[in-house]
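Undergrad: Got a structure for you, questions after.
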Amino acid sequence: MVLDFSKYQSIITQHNKIGVNLTEQFVITKPSEYELHAELFSGENKNLVIICHGGFGDKFEHGRFPYAAEILNKHGYDALLFDFTGSGDNKRVPFQVSSMVEDLEAVWKWAKKQNYDSIDTIGLSLGGLVSLIAKLPGRNKAVFWAPAFYKDDYLPPFHKLLSKIIPRDSKLTLKLITSGAGPRIHFRISFINELLDLDVEPYLRNFEIPTLIVQGTRDFVVKPKSSKFAFSLMPNDEKHNIKLVKGASHSFKRKKLDEFIKYTLEFLLKSS
């Protein structure tokens, strides 16, 4: 399959400024009444891809997600972007892995009501971990971009030290700079403790649905060897695949982003 992305290059520039309104914007309300801001890129397609951002980012991911969404639209997929709890356009409250999982499951329930023929997911970094462990019945395919499956990759020693010093039930809240839009995000030690307590390997071993991992070889946040090891734990069959993007870092963009999208589309368009 030959995919030419050159005609889409203006889109990433167009969306680098947060606030561009080219699509349908709305909120998805969780059972707790907390509202998740979402944006649907619709080409009136029969298939949907839900795209999950990284832990300290937002639904736009510096223009990478709208760019990917526009290309997905051209190839038969609507794309849904959303902000996890405490991120992007959402109300600032402390977030953690369990709340992010609840977010994705709420978004999934919304998507299931829209009568798409199939629903797939793309999870970037920590969004990949959330996508792995969330319960999404009927998911067609899953794509992971540089997935943060292993805490030793992205939790620095200082964070692990904090988990030993600060009581587990502490309500101490830090305000950290987000890589996305809006004010600082709220952070508690419970976020680190959840990650330290999580055993990801049972999820990997039992992840039966068709899967693609796309990983950059120059990624120093999520190490290539970690993605390779995670892939080795998944079912060993033709439905599970891994692709390496030579020279791509964790903040891949432009031509490297095109490669991530190319491998993703080839996988999604291939018959199950």
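The numbers here are math on the coordinates, done by the rules we state, and not lab data. Since this is a predicted model, take the numbers as computed values, not measurements. A quick note on method: Cβ atoms are made from the backbone with ideal geometry, for glycine too, and the neighbour counts reach across all protein chains shown.
Undergrad: Among the trypsin sites (Lys or Arg not before Pro) within segment 139-234, which fall in a DSSP loop and have no more than 15 other Cβ atoms within 10 Å of their own Cβ?
TA: Values: sites: ARG139, LYS141, LYS151, LYS160, LYS164, ARG168, LYS171, LYS175, ARG184, ARG188, ARG205, ARG218, LYS225, LYS228; in loops: ARG139, LYS141, ARG168, LYS171, ARG184, ARG188, ARG218.
Qualifying residues, ordered by number: ARG168, LYS171, ARG184, ARG218.
Undergrad: With both partners inside the chain, how many of the DSSP beta bridges are antiparallel, as a percent to the nearest 5?
TA: Numbers: 13 of 38 bridges.
If we restrict to bridges inside the chain, about 35 percent are antiparallel.
Undergrad: Work out, step by step, the length gained on full extension between LYS164 and LEU196: first 0.36 nm times the residue separation, then minus their alpha carbon distance; give nm to one decimal. Display every interim value, and only then the final one.
TA: On the way: separation 32, 0.36 × 32 = 11.52 nm, distance 1.11 nm.
Computed gain between LYS164 and LEU196 is 10.4 nm.
Undergrad: Quick one: go through segment 203-223 and flag any residue whose amide nitrogen is under 17 Å from the point 7 Å out along the Cα-to-Cβ line of LYS246.
TA: 215-219
Undergrad: Also: Of the options LEU269, PHE231, PRO210, report the single residue whose Cα projects farthest towards the positive end of the charge dipole of segment 204-272 (beta-carbon charges: Lys, Arg +1; Asp, Glu -1).
TA: In segment 204-272, that residue is PHE231.
Undergrad: State which stretch of the chain is the longest one without any exposed GluC sites (Glu not before Pro), exposure meaning a DSSP loop state and at most 12 other Cβ atoms within 10 Å. Write down the numbers at each step before the final one.
TA: On the way: sites that count: GLU33, GLU44, GLU208, GLU238.
Result, exposed sites excluded: 45-207.
Undergrad: Where is the GNM fluctuation largest for the chain (alpha-carbon springs, 10 angstrom cutoff): THR173, THR217, THR121?
TA: THR173
Undergrad: Calculate for the chain the 222 nm mean residue ellipticity that helices alone would give, adding -39,500 (n - 2.57) per DSSP H run of length 4 or more and normalising by residue count, nearest 500 deg cm²/dmol.
TA: Mean residue ellipticity, 222 nm, calculated: -10000 deg cm²/dmol.
Undergrad: Continuing with the same structure: Against the empirical 2.2 N^0.38 Å scaling, what ratio does the C-alpha Rg of the chain come to? Please report the intermediate quantities before stating the final value.
TA: Details: Rg = 17.6 Å, N = 272, 2.2 N^0.38 = 18.5 Å.
Rg over 2.2 N^0.38 Å, computed on Cα atoms: 0.95.
Undergrad: Oh, and also: What size of dipole, in debye to the nearest 20, comes out for the chain about its Cα centre when the only charges are +1 on Lys and Arg C-beta atoms and -1 on Asp and Glu C-beta atoms?
TA: Values: 37 positive and 31 negative charges, 146 e Å.
In total the dipole reaches around 700 debye.
Undergrad: Let me ask you something else. Among HIS250, ILE28, ASN47, whose Cα sits farthest toward the positive end of the charge dipole of the chain (+1 at Cβ of Lys/Arg, -1 at Cβ of Asp/Glu, about the Cα centre)?
TA: HIS250
Undergrad: Quick check on segment 131-272: take the gyration tensor over C-alpha atoms, sort the square-rooted eigenvalues as a ≥ b ≥ c, and tell me if it's rounded (a/c under 1.5), prolate or oblate. Don't skip to the answer; put the middle values down first.
TA: Values: a/c = 2.03, a/b = 1.56, b/c = 1.30.
Verdict is prolate for segment 131-272.
Undergrad: In addition: Mean-square fluctuation check for the chain, GNM, Cα pairs under 10 Å: which of LEU198, LEU36, LEU161 is largest?
TA: Comparing LEU198, LEU36, LEU161 in the GNM, the peak value goes to LEU161.
Undergrad: What dipole magnitude, in Debye to the nearest 20, does segment 112-265 give about its Cα centre under +1 on Lys/Arg Cβ and -1 on Asp/Glu Cβ?
TA: Details: 26 positive and 15 negative charges, 115 e Å.
The dipole of segment 112-265 has a size of about 560 debye.
Undergrad: Magnitude of the Cβ-charge dipole of segment 50-116, K/R +1 and D/E -1, about the Cα centre, nearest 20 debye? Before the final figure, lay out the partial values.
TA: Numbers: 8 positive and 9 negative charges, 27 e Å.
The dipole magnitude comes to about 120 debye.
Undergrad: Assuming a ≥ b ≥ c are the square roots of the Cα gyration tensor eigenvalues, decide whether segment 218-272 counts as rounded (a/c under 1.5), prolate (otherwise, with a/b larger than b/c) or oblate. Mind dumping the intermediate values first?
TA: Values: a/c = 3.42, a/b = 1.18, b/c = 2.91.
Cα axes put segment 218-272 in the oblate bin.
Undergrad: By how many nm would the segment from LYS46 to LEU269 grow when fully extended, if each residue of separation counts as 0.36 nm and the alpha-carbon distance is taken off?
TA: Values: separation 223, 0.36 × 223 = 80.28 nm, distance 1.29 nm.
Answer, rounded to one decimal: 79.0 nm.
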